[in-house]
1. Given points 7 Å out from each Cα along the Cα-Cβ axis, report the Lys44 to Thr159 separation in nanometres with one decimal.
2. Order 187-194, 145-152 from most to least packed using the mean count of other Cβ atoms within 10 Å.
3. Measuring with a 1.4 Å probe in the full set of protein chains, what accessible area per residue, in whole Å², belongs to the chain?
4. Given Leu196, Ala164, His105, which one lies farthest toward the positive end of the charge dipole of the chain, if we put +1 on the Cβ of every Lys and Arg and -1 on the Cβ of every Asp and Glu?
5. Taking the chain as the reference, fit the longest principal axis to its C-alpha atoms, fit the long axis of helix 159-182 to the helix C-alpha atoms, and give the angle between the two in degrees, 0 to 90, nearest 10.
6. Which aspartates and glutamates have a Cα lying under 16 Å from the Cα of Lys2, excluding residues fewer than 8 positions away in the same chain?
7. Please give the helix 61-73 orientation as an angle from the longest Cα principal axis of the chain, in degrees from 0 to 90, rounded to the nearest 10.
8. How much of Leu108 can a 1.4 Å solvent probe reach, expressed as accessible area in Å² and rounded to 10?
Amino acid sequence: MKSIVILISGQGSNMQALLEADLPCRVAAVISNRADAPGLEIAKQHGIATEVVAHRDHLDRESFDTTLAHCIDRYQPDLIVLAGFMRILTAQFVARYQGKLINIHPSLLPAYSGLDTHARALRDGVKIHGCTVHFVTGDLDRGPIIIQAAVPVLMNDTTATLAARVLHQEHRIYQQAIRWFCHGYLSLTADGRVLLKRMEQPGCALITPGLE
Ligand code: NHR
Ligand code: GAR
């Protein structure tokens, strides 16, 4: 059975959804860059090994990433899952785990890369927003896309209501991506493209507000 390591920085709701999803893999460890991340307690309650690699104890990104890599490598995971992980990783770190490192981002990439995605989407008045699971490359939030979910933006949305609608879909698509990976359906090709051995559904559409 494949094994994964999950990296978090905070709440860990995506991590929790994965721990409760009955995935076809072992969750070897949950690692946080913050000792006070609430997600660490949830992981412990699920009997998962937890580690803290504090970025604040490191002089620069290179030394943080080196400690982080050593910590990860002790668990020999097949896949590293960023779940609300808030530190940008160096090109060396990303290269070491090419094809084995995925992230979930709270927007329909390539729109709204970076931070504060929900506030920016609301300000722009877009009618469709969402979330994206992608392989991580040296190019921040620009790695090859695996799966996306789109949600409607409603007239009375606040960043909180919109974030909650997106987060609910995050919890659904992240476990799907990891299932595909664990079953060997999903990989990153040498030329940087996503290879997915699953059926496509050309009929899918989200139109909002809906047609009448
Ligand atoms: N690293 C690389 N190399 N490539 C990506 O695509 C990455 C990555 C590390 C994290 C997640 C990403 C997101 O989904 C992610 C993707 C943090 C920041 C950020 O600006 C940006 C994007 C993402 C995560 N972090 C600040 C920093 O200085 C710190 C912000 C904070 O601590 O609140 O690292 O959104
Ligand atoms: C989620 O929306 C996740 O996509 C986002 O932060 C939230 C954290 O949720 N991630 C990022 O913005 C990464 N920079 P969680 O900690 O409850 O999973």
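The values are calculated or read from the model by the stated rules, or taken from the named source; none is laboratory data. Computed from a predicted model, the values in this text were never measured in an experiment. So basically every Cβ, Gly included, is an ideal-geometry build from the backbone, and we count neighbours across all protein chains shown. With ligands, DNA and RNA removed, areas are computed over all heavy atoms of the protein, side chains included. Shrake-Rupley method; radii C 1.70, N 1.55, O 1.52, S 1.80 Å.
1. For the pair Lys44/Thr159, the computed spacing is 3.0 nm.
2. On the way: 187-194: 11.9, 145-152: 18.5.
Descending mean neighbour count gives 145-152, 187-194.
3. Details: 11280 Å² over 212 residues.
Here the per-residue accessible area is 53 Å².
4. Of Leu196, Ala164, His105, it is Leu196.
5. Taking the Cα atoms of the chain, the angle to 159-182 is about 60 degrees.
6. Of all the aspartates and glutamates, those that pass the test against Lys2 - Cα under 16 Å, at least 8 places apart if same chain - are Asp22, Asp73, Asp78.
7. The helix 61-73 is inclined about 80 degrees to the chain.
8. 40
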